[in-house]
Amino acid sequence: MSKINNGRENEPVWALGLMSGTSLDGIDAALIKTDGEHVLGFGQWLTVSFDDDFRARLRETVHGRGDMLAMEQEITLKHADAVKALLKQADMSRKEVRVVGFHGQTVIHRPHERLTWQIGNGGLLAEKTGIDVVCDFRRRDMATGGEGAPLVPLFHAALSRQMELPIAVMNIGGIANVTWIGRSEKTSHDLLDLDIMAFDTGPGNVMVNEWALKTTGLDCDFDGKLALAGKVNQQVVDALLQNAYFTKIPPKSLDRNYFSYELLNGLSKEDGSATLTEFVAASVEKGAQYFPKPAKQWFISGGGRHNPALMQALQKRFLQVYPVESLGWVGDALEAQAFGFLAVRSLQGLALSLPTTTGAIRAVTGGAYYRA
């Protein structure tokens with residue numbers, strides 16, 4: 001793999017990151033200027049929502065009931081369209097973008113079996129966009145004993161290295177993951193010299209969304225209306241928290257289909273949503289017990305920050321809880337920006353994950369490279 005800019009490794013470049021998350025709602029695309037160590041600027045971003053038919057077919061595929069290869073082709077072409085739409089919106093040419101960071105769509109994530117699979121054809125995306133592509137970010141980490149997730153922590157650290165630490169940056173997508181960032185005793189400004197810890201705390205929006213779909217036919221609990229109208233069944237929350245995942249020491253990560261809905265049988269649509277929302281917040285609280293020191297502030301990204309019921313449940317526990325927009329970040333673009341940042345690091349052979357973020361035996365790079 002060649003270094004960026006013909007070996008001038010520290011020269012900032014524009015990268016374009018792509019993210020299609022476990023919530024199955026659409027594709028986020030974002031431009032970011034970075035040298036792989038620092039974030040020098042944010043460009044434009046957009047979200048391309050999936051239509052109902054495609055989302056239904058994607059959900060079937062994720063559950064193992066669809067044509068995986070056909071879906072991979074289709075979703076790759078949708079990502080190519082998202083790249084072209086963003087470049088048009090930003091009035092940029094493909095030649096101005098050094099690399100695309102292509103996460104793909106997770107269909108399987110079983111870290112205990114050393115298996116992870118994100119569908120997406122990097123070669124096809126490079127061909128359709130005319131831009132070099134880095135994809136398949138997770139499997140190298142798994143090959144070195146890591147969980148393969150979460151991969152956004154180094155990006156969170158790059159953004160917050162000048163802040164008053166420790167803080168927690170929480171992404172609540174389909175799965176909820178947290179990055180704890182503290183100041184180490186080292187005096188260097190190297191990104192890897194920060195104290196960084198990360199893991200999946202538990203489900204994020206996925207169970208709430210699936211419950212809403214099952215009980216109302218809607219894709220999610222819009223504005224937390226169901227949860228706010230319901231009553232928490234604390235017995236169900238407590239039973240869900242008995243899962244062995246919550247006593248497992250981080251780093252750790254989850255598949256979207258890990259938890260069962262059986263305990264919710266008999267609950268109304270409102271009470272079920274309220275109970276699951278409380279479960280998400282309670283699982284975050286469980287996770288925070290593993291932090292080296294309490295976080296002074298929590299910053300929330302991902303779709304979960306749009307749910308007032310969930311934000312209230314988090315604020316009840318941690319008090320200093322804010323959407324990432326309070327820092328000038330864009331929560332809907334953050335994960336896509338992260339994979340643009342990681343793509344640049346991959347081109348440079350820099351670490352994408354650490355023993356304290358994924359459990360890998362050493363700081364490890366990753367990604368597969370497709371030249372356009």
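What follows draws every value from the coordinates through simple rules; no lab data is involved. Everything numeric in this text was worked out from a predicted model, so none of it was measured. All Cβ positions, glycine included, derive from the backbone under ideal geometry; neighbour counts span all protein chains shown.
In nm², what is the average projected area of the convex hull enclosing the Cα atoms of region 70-163?
One quarter of the hull surface, i.e. the mean projection, equals 7.9 nm².
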Once the mean 1/r over all distinct Cα pairs of region 195-330 is inverted, what Kirkwood radius in angstroms do you read off? 15.4 Å
Note to self, the chain gives a 222 nm [θ] from helices alone (DSSP H runs n ≥ 4, -39500 (n - 2.57) apiece, / all residues, nearest 500) of -10000 deg cm²/dmol
Between Leu213 and Leu115, what is the FRET efficiency for a Förster distance of 30 Å, r being their Cβ-Cβ separation, to the nearest 0.05? 0.70
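Where does region 266-310 land on Rg(C-alpha)/(2.2 N^0.38 Å)?
1.39
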For region 93-148, what ratio Rg/Rh do Cα atoms give with a Kirkwood hydrodynamic radius? 1.08
If each K or R counts +1 and each D or E counts -1, the residues other than Glu270 whose Cβ falls under 14 Å of its Cβ total 0
More than 15 Å apart - percent of Cα-Cα pairs taken over region 277-372: 71 percent
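Specify, per residue and in Å³, the volume enclosed by the convex hull of the alpha carbon atoms belonging to region 175-232.
Measuring per residue, one finds 123 Å³ for the Cα hull of region 175-232.
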With θ taken as phi - 60° and the coefficients 6.51, -1.76 and 1.60, list the Karplus ³J(HN,Hα) couplings across region 17-24 in order, rounded to whole Hz; mark glycine and proline as x. x, 10, 9, 10, x, 6, 6, 6
So how compact is region 204-262: Cα radius of gyration and Dmax in angstrom? 13.2, 37
Just need the relative contact order of region 20-89 here, percent rounded to a whole number, with Cα pairs under 8 Å and 6+ apart. 30 percent
Can you give the alpha-carbon Rg of the chain over 2.2 N^0.38 Å, where N counts its residues? 0.94
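Could you tell me the relative contact order of region 1-152? Use alpha-carbon pairs under 8 Å, at least six residues apart, and round to a whole percent.
Computed over region 1-152, the figure is 21 percent.
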For region 148-274: Kirkwood Rh in Å [reciprocal of mean 1/r, alpha carbons]: 16.5 Å
How long is region 7-124 along each principal axis, judged by its Cα atoms, biggest number first, in Å? 45, 34, 23
Counting only C-alpha contacts under 8 Å and six or more residues apart, can you give the relative contact order of the chain as a whole percent? 24 percent
Axial C-alpha extent at least 18 Å, average Kyte-Doolittle at least 0.5 - helices from the chain (DSSP): 334-348
Can you work out the Karplus-derived ³J(HN,Hα) for every residue in region 191-196? Use 6.51 cos²θ - 1.76 cosθ + 1.60 with θ = phi - 60°, whole Hz, and x for glycine or proline. 4, 6, 8, 6, 7, 10
With a Förster distance of 25 angstrom and the Cβ-Cβ distance between Ser49 and Asp190, calculated FRET efficiency to the nearest 0.05 equals 0.05
